[in-house]
Amino acid sequence: MHQDTTSGPEGAPSTHDTWVCPTGFDSARLHEAVVAMYETVARSPRPGAFHFHVGADYAVQRLGYPAADLAELPAACTRRFAGVGNPLLAGPVPEGAVVLDHACGSGTDLLLAARRLGPAGHAIGVDITPGMRAAAMDAARAIAFDTPIEILPGSFDQLPLPARSVDLVLSNGVLNLASDKLQVLRETWRVLRPGGALYLADVVLGRPLAAPSRSNAALWAACVGGAMTEAALLDAMLHVGFHAPRIAARHDPFAGTRLPLKFGSDIQVASVTLSAHKPV
Ligand SMILES: C[S@@+](CC[C@H](N)C(=O)[O-])C[C@H]1O[C@@H](n2cnc3c(N)ncnc32)[C@H](O)[C@@H]1O
């Protein structure tokens, strides 16, 4: 088991503290705030309307998604893209694999993966926000890929899938939203087959936030309040048993947003995209 001795600066939490939300934090309110936020994105995904970027131009210009690949997907899907990195940079998507995106939003990463899977593969998206699932389902019906695609309601801390049924889990901009990161990583571990992989992109902080910021549901729903440092994220993955986390890319997903205006210019945020494996 991985040992951690990291303590945060004065007034800031230690690494382990940031794996769960602060004591007394109202996680039911957080859940409502998160769904409300992403229903708004699903209903009206206007670039510049949020303190985070959305859409295909952002994905291409800031996160390195190939414009030609995104152009193959329905705009109704890519307009609602709200990831913070690019999990498909983390490794290959093998033909015939079962791929799960455990908080797929409108389905951009899932459908890009589905394109590579072929008829023997299976692409499964899970999300808690009905409007995001509807956008992903519409997009999946509209494209002519030959891979079976399913979009399921559910939460990434209690996935509606059997153990050891998935080869690859994709995760983009969502672990930060979980009130219990280890539970989400354990669920990911449970559904992965031995030898399976997690390609994850998430927000990372330059330094841990102090408790009042971490207890702010709006800041949490903005993908910042629940973010960890890169060291805490890697520690959490090792703690659950993932092997050899490897950073594939780093991005600056909040550059040019209203985040500093809204939440203060001393917040240091970036993102990492990484791969990690469940041992055989
Ligand atoms: C920042 S968006 C990212 C969406 C998608 N991964 C993308 O790259 O466009 C966050 C997504 O996570 C979903 N989400 C938040 N909490 C969740 C949970 N507990 N289980 C499943 N999905 C969740 C939201 O509904 C939203 O669609």
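We did not get these values from a lab; they are worked out from the coordinates using the rules stated. Predicted, not measured: the structure shown is a model, and the values here were computed from it. No Cβ is skipped: glycine too gets one built from the backbone with ideal geometry, and neighbour counts run over all protein chains shown.
Per the Debye calculation on region 24-277 with a single equal scatterer at every Cα and no solvent contribution, log₁₀ I(q)/I(0) for q = 0.10, 0.15, 0.16, 0.17 Å⁻¹ amounts to -0.42, -1.02, -1.19, -1.37.
Between residue 44 and residue 249, what length comes free when the chain is fully extended (0.36 nm per residue of separation minus the Cα-Cα distance, one decimal in nm)?
70.9 nm
Charged side chains reduced to their Cβ positions (Lys and Arg at +1, Asp and Glu at -1) give the chain a dipole of some 220 debye around its Cα centre. All distinct Cα pairs of region 188-266 go into the 1/r average, and the inverse of that average, the Kirkwood radius, is 14.4 Å. Taken along the Cα-to-beta-carbon direction at a fixed 7 Å, the label points for residue 61 and residue 218 span 2.7 nm.
Full extension of the chain between residue 75 and residue 266 gives 65.3 nm of extra length, using 0.36 nm per residue less the Cα-Cα distance. Using R0 = 30 Å, the C-beta based FRET efficiency linking residue 28 and residue 165 works out to 0.55.
Protection proxy ranking of 168-176, 253-261, by the mean of other Cβ atoms within 10 Å over each peptide's residues and highest first, is 168-176, 253-261. Per residue, the chain reaches -9000 deg cm²/dmol at 222 nm when only DSSP H runs of four or more residues are counted, each adding -39500 (n - 2.57).
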